[in-house]
Amino acid sequence: MAMIELKGIKKHFRDGEDRLNEVLRGIDLAVEQGAFIAIKGASGSGKTTLLSILGALLKPDSGEYRLGGETLFKDTAHDARVRNQMIGFVFQDHRLLAQYTVLENILLPTLAYQSMISKAQIDRAFELMRLTGIDTLADRYPSYLSGGESSRVALCRALVMNPLLVLADEPTGQLDADNARLIASLLADMNQKMGTTIIMVTHSDEISAYAKTIRILDKGYLR
């Protein structure tokens, strides 16, 4: 059984004139553990919509989604637990909280279902910072970070819960070319060393080349 199974996923939205826009017309996708997939497509093709469904952030109109043997979109509380424990997110705008240090930002996902952070979780955060080259920045606040450093903090935060799946939405979109290649390389490295399954949305041919597999989202279908 594949780690991720999507069957017949459909999603539509209505525009300002109440016209129906069918974004996803029937997505079928099976992903094995340890895969690194890049999803490409034109602006407005539905890449972020698909990623939001994979992250259990957006319910499809119809279809089935199973992640690690768990069926999603049956119960909101269940979806929230799966999302926190099984899925890590890397966003284009990093979404770091300004009032927290680098270390605290990385550890935020650990507090979703517990009141205290364990020593093992702190140790994992420092190991991830070491692997991404930001271990000297643990006490620094986001306002003092460069774009590349902020991206690495976001990557560490996505991995701190040791998720089955990491979803990266245009993770290099706001970075210069050198930092973009660095983040893409780190994602590939984490995939290889940790076996973390990664699905990345990107418009860049160069960045998508770091993935093991490239899929194209076009006219509501994945090919």
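Classified by the C-alpha gyration tensor, the range 8-86 has an oblate form. Its axis ratio a/c, with a ≥ b ≥ c, is 1.5 or above, and a/b does not exceed b/c.
The gain in end-to-end length when the Ala77 to Ser146 segment is fully stretched comes to 21.2 nm, 0.36 nm per residue minus the alpha carbon separation. Note on the chain: helix-only mean residue ellipticity at 222 nm, from DSSP H runs of 4+ residues weighted -39500 (n - 2.57) and normalised by residue number, equals -10000 deg cm²/dmol.
Using R₀ = 22 Å, calculate the FRET efficiency as 1/(1 + (r/R₀)^6) where r is the Cβ-Cβ separation of Asp218 and Met194; round to 0.05. Efficiency at R0 = 22 Å is approximately 0.10.
For helix 147-159, what angle does its Cα long axis make with the longest principal axis of the chain, in degrees from 0 to 90 and rounded to 10? Tilt relative to the chain: about 80 degrees. With contacts taken as Cα pairs under 8 Å at a separation of at least 6 residues, the chain carries a relative contact order of 31 percent. Based on alpha-carbon atoms, the Kirkwood radius and the radius of gyration of the range 50-101 give Rg/Rh equal to 1.04.
Full extension of the segment from Arg130 to Ala98, taken as 0.36 nm per residue of separation minus the current Cα-Cα distance, would add 9.3 nm. Trypsin sites (Lys or Arg not before Pro), restricted to the range 105-185: which are DSSP loop and have at most 15 other Cβ atoms within 10 Å? Passing both the DSSP loop test and the Cβ count: Arg140.
Within the range 52-191, the ratio Rg/Rh, alpha carbon atoms throughout and Rh by Kirkwood, equals 0.98.
Measuring between alpha carbons in the structure, the pairs from Lys74/Lys219; Lys10/Lys47; Lys10/Lys40; Lys47/Lys212; Lys7/Lys212; Lys40/Lys74 lying more than 24 angstrom apart are Lys74/Lys219; Lys40/Lys74. Enter the angle in degrees (range 0 to 90, nearest 10) between the Cα long axis of helix 119-132 and the first principal axis of the Cα atoms of the chain, meaning the one along which they spread out most. In the chain, helix 119-132 runs at an angle near 80 degrees to the longest axis.
For the chain, the longest principal axis of the C-alpha atoms and the axis of helix 177-194 are separated by about 90°. Placing unit charges on the Cβ atoms of the charged side chains and taking the dipole of the chain about its Cα centre, the candidate lying farthest along the positive direction among Tyr144, Ala112, Ala77 is Ala77.
Read-outs throughout are calculated quantities, based only on the coordinates presented, and are distinct from any laboratory measurement. Everything numeric here is computed off the predicted structure, so don't read it as measured data. In this analysis, Cβ positions are derived from the backbone assuming ideal geometry, glycine residues included, and neighbour counts consider all displayed protein chains.
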